[in-house]
Amino acid sequence: MATAPRRQPSTPLRLLAATLVVACLAGHAAGVRGRTSLRSTPTNGPVVNFAVKLLDALTGESLAGVSITVEVLKVVEKVTRYTDKDGWAEFSSDHLDFRILAQKKGYILATKDISLRRYCGERTGDDCVVQLAMSPELKGEDLGEGCGFAARPDGSLDWEMRAVLEWNSGEDLNLWARSWDCFEDTRIRYQCPYAGQDQDGDLDIFGGVWQSTQSTDQEERCRRTDFTKPEVAQKEQQTCGMKTCAFSDGVIDAQCAQAQMRYHANQWSKWLDEESGAYYVDDLQYRWNGSDRVVLPGAEAWMGDSYMKLDAHTEGGFGPETVTFRNPPPGTYQLVVNRMDPNSEASQTSQRTITDESPLVTVYLGNSAVFDCEIDPDCAIRSRLWNVANIRIEEDGDEFDALGRRTGRKRYRASLVDTKQPMKKLHSLDLPTTEELAAKTVRWAPGPFGVPNLVYEHYFKSRYKDNDEYVQKVCYGSCRPRHSNSANRGCVASCKGKDAFGSCAAPAGVSWAAESPCAEGSCIGNGLTCTAQCADGWVPSAPSLGCKGGTLVPSTFQCLPAACNVQNSNKEPGKSCECADGFVGAITWRGAATTEDSICTPAPCSVEHSTGEPGSQCRCADSYAGTITWQGPHAIGQCEPAKCDVPNSNRLPGTSCACDHGFEGTLSWNGAKVVGQCNPVPCGVEHSNHEPGPECACEPGFIGDIVWEGTRVSDSSQCMSAKLILEKLVSQLEAKEEQRRILNDRSTFLSGADAARDEDGTVVERCCCEVEAPTLNAEAQSCELIRAYPKQTQRATRSALRKPKTLSVDWFRRSKWLCPENFNKAEREMELKACEAFKASRDRRLQEVKIEINEMDLDINGIIKSIDATREYLH
């Protein structure tokens, strides 16, 4: 209940309803410093100056740097400003109808339409302030299509929702919130029926069964007073345990840390309420089953943190008050707004009712589904209570994809109930209390003939009047989506209008439901039936739902995939039904049945080397092997030449399979199996052993190769006499050895192996040139490399060096040998170059001769081996 900061303390503020708190200043101060004008289209009206104040919905602190866009309705005009460090932005305009949009990173977009005429009237001289509380973004998953979400049943759920209250005065309003299922579990276990009739004169539900409030049982069994006992309080703290920030001196600190909280002394009502000091309820997913604490059936996905937390600010009024629900398990959650403590002195003298404060509760189901709930301004009851809404979270069965296949997740659906008849009623039995024990309190209990009895008991003090009159005068309202999107669609389960009393809204957010979930329409009259309708290919889990006093029985239905019986289909239910593999066709639906033109015929087969027959009859053609499978109407696979394993065949696959050389026979194929045999062909080669097929060989004393070409012997196949072959080989060896000798002589000459050698082993050799050379070139061409030989007779005179006539110590040096007559030792450059060329040419010739010798040696060795083999054959 935070106070909107006062910009001019001497001037009273008039604040707008709920998230927007407005007071008006009418005048002609268009040029006020710091204000942004929206007067591009002048009107005849006065200029209105107004300011926008932004607060954090959880902390109540001012928000700086918020982008605020103010749009003039019905006129294409808008302006954007950012809030200053204190959260303010100022504007002026001669228009009175606006739309305000506030954006800031980490917060949910806030938007509101405003009519300053409605809130300012004819008065002037007042500040016009718009207060807007922005909700920080919620954690976890967001709502999907149809106000639903899904989670795996492994305790991994992560989801939040939130309710934010603001109002239009400095009077105190309180936001109450609780899990109705938590309280009902406690109420039933402690045997406490509601008093007589509720505020609408309807029947009560007790123990889950409709029963009359008229009772003749005078014995009072309700054990509510047990909650004053410490041992009962300690036990009840373990399921939906209420916690407080109140300290031992009685001072309440709404902003204390969670670690500072302690359990509330009274664990009965389960209401979060600032006046009673209850700011936190945890362990929402647990219940008592006798002496055992167990998980609420269907809440297995809620095994993480599951709690409710109230953030309230007690500095004077206007709000916000905020309740955050963290992972709330399936059930019903009540939201109620209360105006002041009716037992206070101020309340007794005040003539204002809750409608005078224009409260607004903004409900956030995740971040995308946002609803503004407003009280009925025409509520005729002078009431301090507004039963805002019930938030229902219901299990919606298994999640299916668009083809009707289970995803492995469970679906849950959230919906808002804002109409009187189906909402949970309020009772004095479970109003919030303080932690202080009273000497005597009263409550109303069932009495004979439907007349309530007063019961006096030792119990906690109530912050509210101890009779049912307080809860019988209750206002209601309506909730509408702030934005139009798929997540909002179907979230508000309500019927509106004059015929809505006792009626039931068609189930909201049913996955795969028809456009109208009920054939009878969106609103089902009291006592009538909703005929459930699903989209094509889906069937409702319950064919009909009855409306009884504003409640559908059962409360909803699930659309399940319809059975599919089309011949040659995969028989899968719903939209996942399609023609079986190997068949082609389309399966269409009309409601929960397939249409007459849903036919599946064998699909064509286009696999290469297949028989080409349609559907499952398609196989690989003869002489081919492979597997043909189907994916829907598409044949997949390969047909490759089949393996050939016939004895004496060539073993080549497919049609290439034939009898091997030297064999004959006929081979044929039956699918991937070859049929037939291959027999040896008779052999008629002269001087052979005449064995058939590859066993045919030359007889002893004869040599040759018998080669088969198919079923005949090649023309080159013959058997020759081994003696004749040996004679030829010996003759070839002799010729080769003579050639080898000639090459050896050539090599000896070129290498100087038989020439004279110096003491160091160097061949004695000199370059000599003719004495008389006509030209330089001719002289160069007449130069020769001449060697000395031990015996001069071995070489021509000209090619041999002469010994010096006189032998001396120098004979083995420069004058060891002399050039022949008419030759001189080469000394000129050109002569020396010619000699070097001659030497290089001789070395090259020597290398060539050595290669020829090596090749000749190989030939000789081959002939010798052949001779040896032939001789062995003859032996």
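Only the coordinates and a few stated rules stand behind these numbers; no lab work does. Small disclaimer: the values here were computed from a predicted structure and weren't measured. Ideal geometry is used to build each Cβ from the backbone, glycine not excepted, and the neighbour counts take in all protein chains shown.
Around L403, with a cut-off of 9 angstrom between Cβ atoms, what is the net charge of the other residues, counting Lys and Arg +1 and Asp and Glu -1? Spell out each step's value before the answer.
Values: positive: R405, K575; negative: D401, E572, E578.
Taking every other residue near L403 into account, the sum is -1.
State the extension gain, in nm to one decimal, for the chain segment bounded by E457 and I864, taking 0.36 nm per residue of separation less the distance between their alpha-carbons.
Details: separation 407, 0.36 × 407 = 146.52 nm, distance 13.33 nm.
Extra length from E457 to I864 when fully extended: 133.2 nm.
Going 7 Å from the Cα of Q677 along its beta-carbon direction, which residues of the stretch 632-670 have the amide nitrogen within less than 11 Å of the resulting point?
So the set is 647.
Give the long-range amide H neighbours of A506: residues separated by 5 or more places, or on another chain, with amide H under 5 Å away, using H modelled in the peptide plane at 1.01 Å from N.
Here the answer is C523, I524, since their amide H atoms fall under 5 Å of that of A506.
Applying 1/(1 + (r/R0)^6) with R0 = 25 Å to the Cβ-Cβ distance of L403 and A519, what FRET efficiency is obtained, to the nearest 0.05?
0.45
In square nanometres, what is the average projected area of the Cα convex hull of the stretch 599-681?
Values: hull surface 20.9 nm².
Answer in nm², one decimal: 5.2.
Rounded to the nearest 0.05, what FRET efficiency do E231 and A257 have when you use their Cβ-Cβ distance and R0 = 35 Å?
0.80
Can you compute the modelled spin-label distance between D142 and D84, with each label point 7 Å from Cα toward Cβ, in nm?
So the label points at D142 and D84 sit 3.5 nm apart.
Quick check on the stretch 613-758: take the gyration tensor over C-alpha atoms, sort the square-rooted eigenvalues as a ≥ b ≥ c, and tell me if it's rounded (a/c under 1.5), prolate or oblate. Kindly include the intermediate steps, with their values, before the conclusion.
Details: a/c = 7.74, a/b = 2.10, b/c = 3.69.
Verdict is oblate for the stretch 613-758.
Find out how many positive minus negative residues lie around A64, taking Lys and Arg as positive, Asp and Glu as negative, among other residues whose Cβ is under 15 Å from that of A64.
0
With a Förster radius of 30 Å, plug the Cβ-Cβ distance of E686 and E737 into 1/(1 + (r/R0)^6) and report the FRET value to the nearest 0.05.
E(calc), rounded to 0.05, equals 0.30.
Residues of the stretch 549-574 with amide nitrogen under 16 Å from the 7 Å Cα-to-Cβ point of S616?
Taking a point 7 Å out along Cα→Cβ of S616, the residues of the stretch 549-574 whose backbone N falls under 16 Å are 566-572.
If you stretched the chain out fully between D292 and K723, how much longer would it get, using 0.36 nm times the residue separation minus the C-alpha to C-alpha distance?
Computed gain between D292 and K723 is 143.9 nm.
With respect to the cross-link table entries K104/K139; K53/K105; K309/K473, which display a Cα-Cα separation exceeding 24 Å? Let's see the in-between values first.
Details: K104/K139 16 Å; K53/K105 17 Å; K309/K473 27 Å.
The pairs that break the limit, which is 24 Å between Cα atoms, are K309/K473.
What is the packing order of peptides 727-733, 418-424, taking the mean over residues of other C-beta atoms within 10 Å and listing the highest first?
418-424, 727-733
Could you name the lysines whose alpha carbon sits less than 30 Å from that of K803, not counting residues in the same chain fewer than 8 places away?
K791, K816, K825, K833, K839
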